[in-house]
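The values are calculated or read from the model by the stated rules, or taken from the named source; none is laboratory data. These numbers were taken from a predicted model, which means no experiment stands behind them. Neighbour counts are summed over all protein chains in view; Cβ atoms, including those assigned to glycine, are modelled from backbone coordinates with ideal geometry. Only protein heavy atoms, including side chains, enter the accessible area calculation; ligands, DNA and RNA are left aside. Shrake-Rupley method; radii C 1.70, N 1.55, O 1.52, S 1.80 Å.
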Amino acid sequence: QVQLVESGGGLVQAGDSLRLSCAASGLTFSWYAVGWFRQGPGKEREFVAAISRSGGNTYADSVKGRFTITRDNAKNTAHLRMNSLKPEDTGVYYCALDHDVVTHTTPPEYDYWGQGTQVTVSS
């Protein structure tokens with residue numbers, strides 16, 4: 001019954017912006033940290049950003065200053081605003097939930113995952 005649905009991906013040019021959304025259902029959203037991960041072609045899934053249950057943000061060095069993660073517990077949603085996109089940002093982006101007060105940056109720590117949304121950045 002738990003479901004996470006990502007949306008907002010697409011094809012953009014380098015320097016453009018996108019906002020990804022993650023809609024959650026079937027659980028108490030406010031009890032979970034939200035993480036965003038991405039997986040490029042032939043690469044392992046990597047951490048992008050996370051927001052804790054209390055609203056604290058953590059970012060990968062590669063996206064620091066360009067991406068912003070937010071959450072709206074009243075709407076059971078989280079967002080990832082991506083600015084100044086680069087070709088190396090290309091990949092499938094996943095949102096995930098982690099029922100822990102500690103912020104994790106590795107996939108095994110997360111309990112639930114969405115299906116992913118494709119982001120393609122052309123040069």
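For the stretch 44-64, give me each residue that is surrounded by fewer than 18 Cβ atoms within 10 Å (Cβ to Cβ) and assigned to a strand (DSSP E or B).
Glu46, Asn57, Thr58 - these are the residues of the stretch 44-64 that are surrounded by fewer than 18 Cβ atoms within 10 Å (Cβ to Cβ) and assigned to a strand (DSSP E or B).
Can you pull out every residue in the stretch 4-44 that is free of Cβ contacts under 8 Å to residues at least 24 places away in the same chain and either touching a strand residue (DSSP E or B) at 6+ places or on another chain (Cβ under 6 Å) or within 13 Å of His99 (Cβ to Cβ) (or both)?
Within the stretch 4-44, just Thr28 meets the criteria.
For the stretch 31-43: of the residues being of a type outside the set (Gly, Ala, Ser) and surrounded by fewer than 17 Cβ atoms within 10 Å (Cβ to Cβ), which is farthest from Lys86 (Cα to Cα)?
Trp31
Can you pull out the residues in the stretch 75-98 that are in a loop (DSSP other than H, G, I, E, B) and in contact with a helix residue (DSSP H, G or I) (Cβ under 6 Å, 6 or more places away or on another chain)?
Matches in the stretch 75-98: Asn76 only.
For the stretch 65-74, which residues satisfy the criterion of being open to solvent by 50 Å² or more (accessible area, probe 1.4 Å), of a type outside the set (A, V, I, L, M, F, W, C) and not in a strand (DSSP E or B)?
If the condition is that a residue be open to solvent by 50 Å² or more (accessible area, probe 1.4 Å), of a type outside the set (A, V, I, L, M, F, W, C) and not in a strand (DSSP E or B), then Gly65, Asn73 are the ones that fit.
Which of the residues that make up the stretch 6-30 are under 17 Å from the mean Cα position of the chain (by Cα), under 22 Å from His104 (Cβ atoms) and open to solvent by 40 Å² or more (accessible area, probe 1.4 Å)?
Residues satisfying the conditions are Ala23, Ser30.
Where the second residue is in a strand (DSSP E or B) and the first is of a type in the set (S, T, N, Q) and lies in the stretch 45-69, which pairs have Cβ atoms under 7 Å and are six or more apart or on separate chains?
Here the result reads Ser52/Ala33; Asn57/Ala49; Asn57/Ile51; Asn57/Ile69; Thr58/Ala49; Thr58/Ala50; Thr68/Arg81, each pair linking the stretch 45-69 to a residue that is in a strand (DSSP E or B).
Got a sec? Which of Thr117, Thr106, Thr77, Thr90 is open to solvent by 50 Å² or more (accessible area, probe 1.4 Å) and in contact (Cβ under 8 Å) with a residue 40 or more places away in the chain?
Thr106
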